[in-house]
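Report on the structure given below.
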């Protein structure tokens, strides 16, 4: 495996050079927009929200929309073409599209032409430190590829240098992203997150539709458990998650009118094995499912260090932080941007027993929500997609004018 890793690293710059030559052979289509979420894992997140808003916006009438998916045959996206991730068609689309709308850090070998526009939406307000802000311990390696700290930071620098703009969801991120990503502050557009518009505009009909799709029994209260991945827990195919929740105990301790939705992070590759004893209590949701649907049907959220609580906080519902490995996570892995004891909108639980006690009793103190909302959800008003498309329409107009002047 180590030999293969070295060969792969040696071939990356060669591939990058060949790809650059390839890109210059393909002309840019000024009316083509390429979307990608989580490296093609799903039709999801901010790119999805922007795509759906574009289809309703006359300024983008006549554009060709292309989505990148790992399994394009398994999903039909109305109004869009699909292309398989890492296929020849994918690289052709990258070279041809006028606009890239992506929500994740892209490989260093990709090449963006000056006539293309790269809008990086990202995918969450960070609790965990990112990029340049991580304070490494001696010998620490990053990701499954085992990058050094400097190598890891360079992956951020190379990608952020290609951005024409990066969405900031709030004032906090506008302050953090420049030093975390190594991005110039003038490239940030503080608009709120397009994916969260739904949390301000959903209807009771939406709630009923989602409950029906998830087969949630009528009258049941819903607890969403959405933990994140750990940097040091992985296998060859991806990151793994060692479940520290005894769902049989949850069923025993929580009221009978409760069901639990279990939604792991999209990077986690190992799957939870269904337990027949938990039928009608535990609903396991695929890691690549659109979590915004789960938010609106949930009465409470249990998470750990995942950024999901920032979005869920828009609903101002109870959040419980189950941080059983807090010392290891805060000290040895990432570290945090905030004082979690003072700023989180909910209580931290170190043991499953104390968590279940408060969940069963419905104990939650919402007194921190006003300050939390002011700092972290100051732009979440249901209009984020419109603000982003306003920026993009202006940018496309400038590009067109510039190209015409150059002819």
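Points to keep in mind about this one:
- DSSP bridge analysis restricted to the chain gives an antiparallel fraction near 10%, rounded to the nearest 5.
- Cα-based helix-to-principal-axis angle, 204-214 vs the chain, degrees rounded to 10: 80
- Label-point gap, in nm, between residue 248 and residue 364 - each point 7 angstrom along Cα→Cβ: 2.9
- Degrees separating the helix 45-54 axis from the principal Cα axis of the chain, which is the longest one: 60
- Taking the number of Cβ atoms within 10 Å of each Cβ as an exposure proxy, the fewest-first ranking of 295, 329 is 329, 295.
- Residue among 195, 379, 209 with the largest mean-square fluctuation in a Gaussian network model of the chain, springs linking Cα atoms under 10 Å: 209
- Overall Cα dimensions of the stretch 1-123, principal axis frame, Å, largest first: 51, 29, 25
- GNM result for the chain, Cα springs below 10 Å: residue of 382, 131, 397 fluctuating most strongly: 397
- Debye log10 I(q)/I(0) at q = 0.10, 0.24 Å⁻¹ for the stretch 103-222, Cα point scatterers: -0.46, -1.41
- Within a Gaussian network of the chain (alpha carbon springs, distance under 10 Å), most fluctuating of 391, 100, 67: 391
- Reduced Cα scattering model of the chain, Debye log10 I(q)/I(0), q = 0.09 Å⁻¹: -0.58
The numbers here are math on the coordinates, done by the rules we state, and not lab data. Everything numeric here is computed off the predicted structure, so don't read it as measured data. Because the Cβ atoms are built from the backbone with ideal geometry, glycine has one as well, and the counts that use them run over all protein chains shown.
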